[in-house]
1. In nanometres, what is the gap between the two model label sites at Ala18 and Arg146, each 7 Å from Cα along Cα-to-Cβ?
2. Taking +1 at the Cβ of each Lys and Arg and -1 at the Cβ of each Asp and Glu, which of Gly223, Val158, Pro264 sits farthest along the dipole of the chain towards its positive end, judged by Cα position relative to the Cα centre?
3. All other residues with a Cβ under 9 Å from the Cβ of Arg237 taken together, and with Lys, Arg as +1 and Asp, Glu as -1, what is their net charge?
4. Quick one: if you stick a label point 7 Å off each Cα along the C-beta vector at Ser154 and Arg73, how many nm between them?
5. Just to be sure I understand: if I project the alpha-carbon convex hull of the chain onto a plane and average over all orientations, what area do I get in nm²?
6. Given the rule -39500 (n - 2.57) for each run of at least 4 DSSP H residues, summed and divided by the residues of the chain, what is its mean residue ellipticity at 222 nm, to the nearest 500 deg cm²/dmol?
7. Once you keep just the Cα pairs under 8 angstrom separated by 6 or more residues, what percentage relative contact order results for the chain?
8. Determine the sum of side-chain charges near Ser214: Lys and Arg each +1, Asp and Glu each -1, restricted to other residues whose C-beta is under 12 angstrom from that of Ser214.
Amino acid sequence: MLAVLAELEEVPCYYCGATDGSVWGEEAGYRALKCAGCGLVYVSPRPRHVLIDEAARTGEHATERGSLTVTGRYKRSRVRHHAHLLKAMFAGFPAQPRWLDIGAGFGELAEAVVLVFPGALVTGLEPNEAKRRAAKKRGLELTGTRLAELAPASFDVVSVMNVWSHLPDPAAFMSQVRTLLGEGGLLLVQTGTGGDLASAADYPDALLLPDHLSFAGERHVVGVLERAGFEIETIRRKRADTATFAARSAVKRLLGRPARLTIPYRSPFRVIYVLARGVEVDAGVPGGGGAPAP
C-alpha cells in the first residue's frame, strides 16, 4: 500500500477550484470528497496522470487490495439500447454524419450508429488495448489515437458515453472536444448524477475508485459544457436502481465482483443523456479548462 500512496497526488475540485471538502464515500483505500464550494464529488488524493493513462490502456487500477480490473465484456444488449436512444435523440438528423465515439469500449455504440445511420462514417476511440482487440475479432476497427491528433472541425457528432467520471479534468477535455466539431455539430454525453447525492450511501452501485475519478451533478455537467462552447438541446433522465439492476448487482456480489446490494427504486441517482450543440463562445468569456463559476 505504501507504494500506491507514493504515486498519489492531491487535486482541487475541477469545477470551482476549491480545495476543501468532506468525505462523501470511501472504497479500496481511496476517498471521494464532496466539494464545500460547489458540491462536486472528486477523488483526492488520486493516482498521478501517468498512472491514470496506463490504467486506461490496461484496464487495471492499483488499490489497497491489489488491483481493480474494469475491462468488462461486449454486450449485444447495449447495441439495442444505444440504437433506441439514438433514434429518440437524433430524430431528423442527416443520414451520413461523420461520427466520433470517444471511449468506444467494445464498439457497441459504433455498431448502433451504423444501424441507425447506415451511411455514417464512424471513428471509435478506445485506449483499452483488450477492448480494441476484442472489437477487431468482430470485424470492427477501433483506434487508440489521442484527441490532439485529430483534425479540428472534422466531425458532425461526438459521443462521450460513460466516460465523464473517468476523466482527470472534464472541463479541459470538453473544451478540446468542442474543437473537433464542425459548425453546429452535436455532442452526446452519458453520465450519472452522483454529485447530486448527499453521500455515497445513496449511490446504487460500487464506487469503483479510482477508476471513477469524480461524480458530477447535472448542474456540473451543464456548467462545464456551456463554458466549453456548447448549448444544451435536451436532457433525458433514467433511473438506475431498477429491480433488474438490483438482481444483476446481487449476482455480481455472488461472483465476487464489485457491486452493492440495493433496494430498488430508492436512490435519487439518475443516468443522464445530454445532447448539446456547439456554438460560438462569447469573446469576453475565457475558454479552455478553467473552472466555471459555481
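Laboratory data are not the source of any read-out in this text; all were calculated from the coordinates shown. Being a predicted model, the structure only gives us computed values, none of them experimental. Every residue, glycine among them, receives a Cβ derived from its backbone with ideal geometry; neighbour counts consider all protein chains shown.
1. In this crude spin-label approximation the distance works out to 3.3 nm.
2. The residue sitting most towards the positive pole is Pro264.
3. Overall, the nearby charge balance is +3.
4. Result for the modelled spin labels: 3.5 nm.
5. 14.9 nm²
6. So the helix-based figure for the chain works out to -8000 deg cm²/dmol.
7. The value is 19 percent.
8. 0
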